[in-house]
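Report on one structure; see the data block that follows.
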Amino acid sequence: MKQSIYNTYSCIVLGFAFLLDLSIAFSQTPDTDTKFRLAQGFELAGEFERAAALYRELYTRDPENQVIFDGFQRVLVQLKRYDDAIAVIKQRLVTHPRDIVLQGQLGSAYYRAGREHEADSEWEDIVAQDPKNPNRYRLLAGVLVENRLLDRATEIYRRGRASVGDPNLFTLEVAQLLTATMDYGGATTEYLRWLDRNVSQIGFVQNRMASFTAKPDGRSAAIDAVLAALREQEDPRREELLGWLYLEGKEFEKAFDAYRSLDRIGNRQGGALYDFAERAYKARAYEVAARAYQEAIDVPLSKAKYPYAKYGYACALKDQGLQSDSVRGPFADALTASGEATPLLDKAIASFRGVIEGFPHTEFSAKSWYQIGVLQYERFFNLDGALTSLERAAQELSGVNVIQQQVLLKISEIWTAKGDTARAAVQFRSVARTPSATPDQIDEANFRLAELAYFGGRFAEAKDILAGISLNLKADYANDALQLQAFLAENASTPPATISEYAHADFLARQRRNSEAVTLFEHLAATYPTAPLADDALMNAGGLLARAGMFTGAIESYEKVLEQFKENSTLLDRAQFHIGEICQFGLHDVARAIASYEKFLADFPRSIFTDEARKRIRQLRGEVL
């Protein structure tokens, strides 16, 4: 930061000199102009001795030329010929007495020559001539910064405030200097001073403070400074800044308290609580977001924001419930009684229905139908209920094409899960051919068509469709598309009838006919042990058994992969990692889970799951992450 400030001032000086060059070209003789530009070239090339010789010749001819003088004294300083620089500046001061820019340059030359007492005398005279002039303090501070005397520059600014009688003078300059010297609390106090006088510029202040609030010590110092200011006087802007600082550190409960105070003292009528809820939700702090939405609703919130808060509350409950499942591990379905919704998801569905009743035939009711449908399908596999909900969403979204295409994609997935591939294909083609669909939606529709071709044994068709997809790797379906493409390529020489059996087993799994799928996968692995798809079949069988709660059978399936395909399978690391997961989340056998993960680390040190395995070992041992 110090170097940055120094470079900034150097660039200003050089830039100013360059602009002045444009004017002198019209007043110099051709010979003078040529030599001047040659001197500049030497200076830029770092050949300061040659530049100094030319500048000296030009300066002797025309000592009043400002640009030539600046170039001459600049290269003398670069050459550390400070006595020569001092003499040149003093000579110019004879004809330009009391020129504060020259005094600043002279002080710099004295300082770099080690003559600090003389430097101080020259610099102090700059402000002593006119102690009420803020520009003199600003110029002197700039000179001190150029000499990397940041603390002294800060003190000069503060003296200027006192002399001029304006405590709010130089706030941004002082804040920048304090940041450079890592006095983050002092810098925050200066930004608060600025904010008091520029009440609408909190975003500007946050952008400036972001240079140090990303660091824990900087953020902590800033929080202390804002809290101290709030003890002196309650102020909405200070509360908002405090809330932002807590959010930066993911201290959501403290941020919630700050936004409560902001809502109260700022008379925001729930608006501040709603804003906090939105930010917490985006940060995936769903539990505190749900409480904030509810508090905003209870204030009550203004009519304009009320439906947004109601819908946001339902979404927060939904994501909190799904997040809870993810914390329980990849086999949460197996640990929940069939058809039994978790309380949070139950509450989320009820809240979405409340939005539908309160705001019928609006975007909020349509989105709520969609969210209910997705939960019914993905979480509870209630296909008929999901279809009904999604069809209601499609009816209400008939005028919103992009969203409607997303609903149709989900409906088509459900038809696939119901085994009606013909109806699913019709709707996937409809999305793929809709001009108003997004590129990702078109690609997803085409991928789903490739899947249907694969399920139906039309592998050449599936390959052709997959080849035409430009995958966005951030899309939800991208990983599945890549896996299918890789599987078909890997099994190019496998007899089509064998792949057809495998594809049929995949189709059964999609329909949640898991016992039939497991039987077929195990049959394929036993019947075609040398086929490239044999290890894939055992891996799929293991996954289905684990999700069904049949953990011992799942481990046996993964162990077969490790034993039978240890020489040629690319799935060995996944098999060992999944054994660890089953021991951890399914069997709740801590010792066995740690042993499985340790074996994974020993056998597969370069796996993409290595970091996660280490993390889980630390968690199981009770270590603080």
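The values are calculated or read from the model by the stated rules, or taken from the named source; none is laboratory data. This structure is a prediction, so every number in the text was calculated from the model and none was measured. All Cβ positions, glycine included, derive from the backbone under ideal geometry; neighbour counts span all protein chains shown.
Below is a table of values for the structure above.
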item: Helices (runs of 4 or more DSSP H) (entirely within the stretch 106-202) containing at least 3 residues that are under 30 Å from Gly266 (Cα atoms) and of a type in the set (Phe, Trp, Tyr); result: 184-197
item: Residue list for the stretch 137-193, restricted to those being among the hydroxyl-bearing types (Ser, Thr, Tyr) and within 22 Å of Gly104 (Cα to Cα); result: Tyr137, Thr154, Tyr157, Ser163
item: Test for Ala350: is it at negative phi and in contact with a helix residue (DSSP H, G or I) (Cβ under 6 Å, 6 or more places away or on another chain); result: no
item: Cross-chain or 6+ apart pairs with Cβ under 8 Å, the stretch 146-175 first and on the phi > 0 side of the Ramachandran plot, then surrounded by 20 or more Cβ atoms within 10 Å (Cβ to Cβ) and part of a helix (DSSP H, G or I); result: Phe170/Tyr137; Phe170/Ala141; Phe170/Tyr157; Phe170/Gly160
item: Residues located in the stretch 272-313, provided they are assigned to a loop (DSSP other than H, G, I, E, B) and of a type in the set (Lys, Arg); result: Arg284, Lys303, Lys305
item: Selected residue (only one of Arg614, Arg592, Arg574 is modelled with pLDDT of 95 or more, in the same structural domain as Gly542 (by TED's automatic domain parsing) and farther than 27 Å from Ala537 by Cβ); result: Arg614
item: Every residue from the stretch 460-483 that is surrounded by fewer than 19 Cβ atoms within 10 Å (Cβ to Cβ), in contact (Cβ under 8 Å) with a residue 24 or more places away in the chain and part of a helix (DSSP H, G or I); result: Lys463, Asp480
item: Filtered residue count, the stretch 552-575, keeping only those that are closer than 17 Å to His588 by Cα and buried (at least 20 other Cβ atoms within 10 Å of the Cβ); result: 2
item: Ala386 vs. criteria over 21 Å from Arg510 (Cα atoms), small (Gly, Ala, Ser) and not assigned by TED's automatic domain parsing to the domain that holds Arg448; result: no
item: Subset of the stretch 27-86 (residues that are polar (S, T, N, Q) and either closer than 13 Å to Ala109 by Cβ or not in a loop (DSSP other than H, G, I, E, B) (or both)); result: Thr32, Thr34, Gln40, Thr60, Gln66, Gln73, Gln78
item: Selection within the stretch 547-572 - small (Gly, Ala, Ser) and touching a residue at least 60 places away in the same chain (Cβ under 8 Å); result: Ala548, Gly549
item: Matching helices (runs of 4 or more DSSP H) fully within the stretch 536-625 where at least 3 residues are more than 30 Å from Leu488 (Cβ to Cβ) and within 33 Å of the chain's Cα centre (by Cα); result: 590-603, 610-620
item: Among the candidates Gln233, Gln201, Gln206, residue that is surrounded by fewer than 18 Cβ atoms within 10 Å (Cβ to Cβ) and in contact (Cβ under 8 Å) with a residue 12 or more places away in the chain; result: Gln206
item: Residues of the stretch 265-303 that turn out to be crowded, with 22+ Cβ neighbours inside 10 Å and within 28 Å of the chain's Cα centre (by Cα), as a count; result: 13
item: Hits in the stretch 484-531 - residues which are among the polar types (S, T, N, Q), surrounded by 15 or more Cβ atoms within 10 Å (Cβ to Cβ) and farther than 22 Å from Trp415 by Cα; result: Gln485, Asn491, Thr494, Thr498
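Per-residue answers, yes or no, for (1) of a type in the set (S, T, N, Q); (2) assigned to a helix (DSSP H, G or I):
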{"residue": "Phe381", "(1), (2)": "no, no"}
{"residue": "Asp384", "(1), (2)": "no, yes"}
{"residue": "Leu387", "(1), (2)": "no, yes"}
{"residue": "Ala394", "(1), (2)": "no, yes"}
{"residue": "Gln405", "(1), (2)": "yes, yes"}
{"residue": "Leu409", "(1), (2)": "no, yes"}
{"residue": "Ser412", "(1), (2)": "yes, yes"}
{"residue": "Asp440", "(1), (2)": "no, yes"}
{"residue": "Ala450", "(1), (2)": "no, yes"}
